[in-house]
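**Student:** Let me begin by handing over the structure; questions about it come next.
Bear in mind that the values in this text are calculations on the coordinates, not laboratory data. These numbers come from a predicted model, not from an experiment. Note: ideal-geometry Cβ built from the backbone for every residue, glycine included; neighbour counts use all protein chains shown.
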Amino acid sequence: MKELTHTCHYKLYAYDELCEADRKLVDAAKESTQSSYAPYSQFQVGAAALLSDGTIVSGSNQENAAYPSGLCAERTTLFFANAAHPDKAVEALAVAAYTNGKFTNVPVPPCGACRQVMLEVEQRYHQPIRILLYGTEGTYVVEGGIRELLPLIFDASFLK
Ligand code: THU
């Protein structure tokens, strides 16, 4: 028997420690929480994707009375980015969440389904996505892309 370990590398930045480009992306994610449609959870999530030409595309969670028909902010944003700009790689994705009249103090990590979609986007454009998860007490920055957050991946290689 061998014990195998998956390690997740990420950094914690105070907002003021972020570089200007990262602050701009985080600000876009924060602003995007206001376009959320979350009448059921009251949990407004915003995301912003930085594309390879510098374009920032943002989106938010969109809920539905038939709960599973709704979609998280990360997937709304990534699908929109890829649909509108299919020739542009996604270089970074920032996420912020707003509830009870304020942004969460702790960063909100992407759900499993969003991690799976982020993996596909990375593979499609052959580059890792820097992930910025904003909280009022600090922002997690995952430099190494989704593999840091998603161990034992299932991808297209299993379908060959
Ligand atoms: N949600 C997101 O949009 N992203 C996340 O990372 C976590 C959860 C949404 C889904 C649902 O609309 C609400 O937050 C509560 O789960």
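**Student:** Could you list all residues from region 1-46 that are in a helix (DSSP H, G or I), within 16 Å of the ligand (Cβ to nearest atom) and among the small types (G, A, S)?
**Tutor:** A28, A29, S32, S35, listed by residue number.
**Student:** Scanning for something under 15 Å from V121 (Cα atoms), within 8 Å of the ligand (Cβ to nearest atom) and touching a Pro at 6+ places or on another chain (Cβ under 7 Å), does region 47-64 turn up at least one residue?
**Tutor:** Scanning region 47-64 turns up no residue that is under 15 Å from V121 (Cα atoms), within 8 Å of the ligand (Cβ to nearest atom) and touching a Pro at 6+ places or on another chain (Cβ under 7 Å).
**Student:** Scanning region 65-82 for residues that are among the hydroxyl-bearing types (S, T, Y) and farther than 18 Å from L119 by Cα, which turns out nearest to the ligand (Cβ to nearest atom)?
**Tutor:** Of everything passing the filter in region 65-82, Y67 is nearest to the ligand (Cβ to nearest atom).
**Student:** Mind listing whichever residues of region 47-77 are of a type in the set (A, V, I, L, M, F, W, C) and either in a loop (DSSP other than H, G, I, E, B) or more than 15 Å from the chain's Cα centre (by Cα) (or both)?
**Tutor:** The answer is A65, A66, C72.
**Student:** Also: Does region 120-160 hold any residues that are under 15 Å from F79 (Cβ atoms) and under 11 Å from the mean Cα position of the chain (by Cα), and which are they?
**Tutor:** I129
**Student:** Could you list all residues from region 101-127 that are touching a strand residue (DSSP E or B) at 6+ places or on another chain (Cβ under 9 Å) and assigned to a loop (DSSP other than H, G, I, E, B)?
**Tutor:** T104, N105, V106, P107, V108, P109, P110, Q127, listed by residue number.
**Student:** Can you spot a residue in region 90-100 that is under 14 Å from the mean Cα position of the chain (by Cα), part of a strand (DSSP E or B) and among the charged types (D, E, K, R)?
**Tutor:** Yes - at least one qualifying residue is present in region 90-100.
**Student:** Here is a follow-up. Considering each residue of region 64-112, count those that are of a type in the set (D, E), surrounded by fewer than 16 Cβ atoms within 10 Å (Cβ to Cβ) and under 12 Å from A47 (Cα atoms), and give that number.
**Tutor:** Total satisfying the criteria: 0.
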